[in-house]
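So the structure is just underneath, and the comments pick up after that.
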């Protein structure tokens with residue numbers, strides 16, 4: 001065998017090994033994807049979807065769009081990804097608050113909030129415990145091996161949470177509806193799952209009993225103990241696979257005997273928030289999306305300034321910014337959203353809570369002076 005033949009032989013072997021490794025990597029990456037994508041509404045749920053006044057031509061639809069509607073070209077996004085110099089990850093370790101150990105009791109009265117990162121929040125409101133958009137997975141993706149990865153660990157394990165009376169979901173995107181988290185909660189707790197219309201099909205596909213799932217369309221409500229949950233409009237979209245908008249997306253009014261909370265869900269700024277304020281405000285606490293905005297998608301994610309406007313529109317007292325700091329989902333610097341919120345809040349006279357991930361606080365005395373992100377920005 002000549003030297004060239006040997007080289008060619010080893011080259012072919014290397015290519016074969018690379019091909020096998022690549023194929024193995026692909027198989028590993030797609031493992032679990034079909035389950036993560038969830039289910040499709042059928043039966044009574046499908047009939048309710050079809051009967052919704054917001055569903056036509058096989059899709060849910062937004063109302064008249066608010067805010068800026070002219071989007072920048074996606075080529076600008078590509079340039080930003082390739083050549084942008086924004087600091088999109090922390091320079092150091094995010095100072096989470098680990099509570100660890102045995103699960104504590106739920107507060108019997110008052111209003112307490114614990115932000116675990118991104119949009120995952122535990123609310124203890126007038127003796128009832130609600131877990132909002134819980135995402136405990138490492139990545140917000142149908143694959144456990146590719147996709148946006150956490151910028152900080154979870155402050156607590158799911159088994160260390162206090163009693164959960166209900167899980168409340170805003171829409172079915174992977175950074176708000178996490179299959180491993182829902183599966184664990186379905187198996188290890190007895191909580192209810194209150195979700196936008198159609199989203200219950202995903203939960204049912206993951207083994208959650210239909211008796212524990214409540215699907216709501218815009219302007220429908222249900223009760224969990226003494227707490228009324230009302231699904232209100234939002235300006236966004238849905239989808240976990242190749243199709244879009246087969247399930248509803250919502251904002252939430254959470255009303256107890258003594259306290260009220262508003263959660264914006266994800267979405268662009270629109271006049272519906274003012275209507276919520278007029279009909280259901282004021283609110284002791286608002287949870288408002290402030291991150292993952294971009295000029296290429298102005299109608300589906302609010303800017304930080306619009307987040308403050310939303311808080312003012314609904315009549316909020318304390319603003320807890322969410323949807324930032326945990327996953328890198330846009331081109332802006334990772335800490336830019338909170339800095340822009342604080343600047344806008346000063347102009348509007350708004351109180352902003354800035355807890356560290358995992359830090360529980362009493363809404364009556366929120367943490368307003370902490371800037372934990374600045375040393376690592």
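Quick note: the coordinates plus some simple rules give every number you see, no bench work behind them. Just so you know, these numbers come straight off a predicted model, no measurement behind them. Ideal geometry is used to build each Cβ from the backbone, glycine not excepted, and the neighbour counts take in all protein chains shown.
By how many nm would the segment from residue 275 to residue 138 grow when fully extended, if each residue of separation counts as 0.36 nm and the alpha-carbon distance is taken off? Kindly include the intermediate steps, with their values, before the conclusion.
On the way: separation 137, 0.36 × 137 = 49.32 nm, distance 3.66 nm.
Contour length minus Cα-Cα distance gives 45.7 nm.
Compute the helix-to-body angle for 179-188: its Cα long axis versus the longest principal axis of the chain, expressed 0 to 90° and rounded to tens.
Taking the Cα atoms of the chain, the angle to 179-188 is about 60 degrees.
R0 = 41 Å: FRET efficiency of residue 31 with residue 98, Cβ-based, nearest 0.05? Could the numbers behind the result be given before it?
Values: r = 30 Å, r/R0 = 0.74.
Once rounded, the FRET efficiency stands at 0.85.
I'd like the antiparallel share, as a percent to the nearest 5, of DSSP beta bridges with both residues in the chain.
Counting only bridges with both partners in the chain, antiparallel ones make up about 60 percent.
Quick check: convex hull of the Cα atoms in the range 280-377, volume per residue, rounded to a whole Å³?
Details: hull volume 10.2 nm³, N = 98.
Per-residue hull volume (Cα only) is 104 Å³.
With a point put 7 Å past each Cα toward its Cβ, work out how far residue 209 is from residue 339 in nm, to one decimal.
Rounded to a tenth, the inter-label distance reads 5.1 nm.
Return the calculated 222 nm mean residue ellipticity for the chain, to the nearest 500 deg cm²/dmol, obtained by summing -39500 (n - 2.57) across DSSP H runs with n ≥ 4 and dividing by the residue count. Working shown, then result.
Working: 9 runs with 100 residues, N = 377.
Taken over the chain, the calculation gives -8000 deg cm²/dmol.
Angle between the Cα long axis of helix 304-314 and the longest principal axis of the chain, 0 to 90 degrees, nearest 10?
Once rounded, one gets 30 degrees.
If you average 1/r over all unlike Cα pairs in the range 80-215 and invert the result, what Kirkwood radius do you get in angstrom? Provide the component values of the computation, followed by the final result.
Values: mean 1/r = 0.0620 Å⁻¹.
Value: 16.1 Å, from the Cα pair sum.
Is any residue of the range 240-256 close enough, with backbone N under 11 Å, to a label point placed 7 angstrom from the Cα of residue 59 along the Cα-Cβ axis, and if so, which?
Under 11 Å, as judged by backbone N against the label point of residue 59, lie 243-246 of the range 240-256.
Students often get this wrong, so try it: which of [x] 25, 56, 17, 2, 0; [y] 28, 57, 11, 3, 0; [z] 29, 57, 14, 0 is P(r) over Cα pairs in 20 Å bins from 0, in percent as calculated from the structure shown?
Calculated P(r) over Cα pairs in 20 Å bins from 0, in percent: the matching label is [y].
Would you mind putting 257-265, 157-165 in packing order, based on average other-beta-carbon counts within 10 Å, highest first? Don't skip to the answer; put the middle values down first.
On the way: 257-265: 23.6, 157-165: 16.8.
Top of the packing list down: 257-265, 157-165.
Could you give the length gained by full extension between residue 370 and residue 163, i.e. 0.36 nm per residue of separation minus their alpha carbon distance, to one decimal place? Intermediate values should be presented prior to the final figure.
On the way: separation 207, 0.36 × 207 = 74.52 nm, distance 2.85 nm.
Gain in length upon complete extension: 71.7 nm.
Given 0.36 nm per residue, what is the gain on full extension from residue 89 to residue 149 after removing their alpha carbon distance, in nm?
On the way: separation 60, 0.36 × 60 = 21.60 nm, distance 1.07 nm.
Taking 0.36 nm per residue and subtracting the Cα distance, the gain is 20.5 nm.
Please give the peptides 347-353, 318-324, 134-140 ranked by average Cβ packing (other Cβ atoms within 10 Å per residue), highest first, as a rough proxy for protection. Before the final figure, lay out the partial values.
Values: 347-353: 14.9, 318-324: 25.7, 134-140: 20.4.
Ranked by mean Cβ neighbours within 10 Å, highest first: 318-324, 134-140, 347-353.
Could you order peptides 249-256, 148-155, 234-241 by the average number of other Cβ atoms within 10 Å of their residues, highest first?
Numbers: 249-256: 25.8, 148-155: 18.1, 234-241: 21.6.
The most tightly packed comes first, giving 249-256, 234-241, 148-155.
I need the Debye-formula profile for the range 96-154: one equal scatterer per C-alpha, no solvent, reported as log10 I(q)/I(0) at q = 0.16, 0.26 1/Å, two decimals.
-0.61, -1.12
Taking the Cα centroid of the range 188-262 and of the range 317-331, what is the distance between the two, rounded to the nearest whole Å?
21 Å
Compactness ratio of the range 170-316: Cα Rg over 2.2 N^0.38 Å, N = residue count? Kindly include the intermediate steps, with their values, before the conclusion.
Values: Rg = 15.3 Å, N = 147, 2.2 N^0.38 = 14.7 Å.
Against the compact-globule rule of thumb, the ratio is 1.04.
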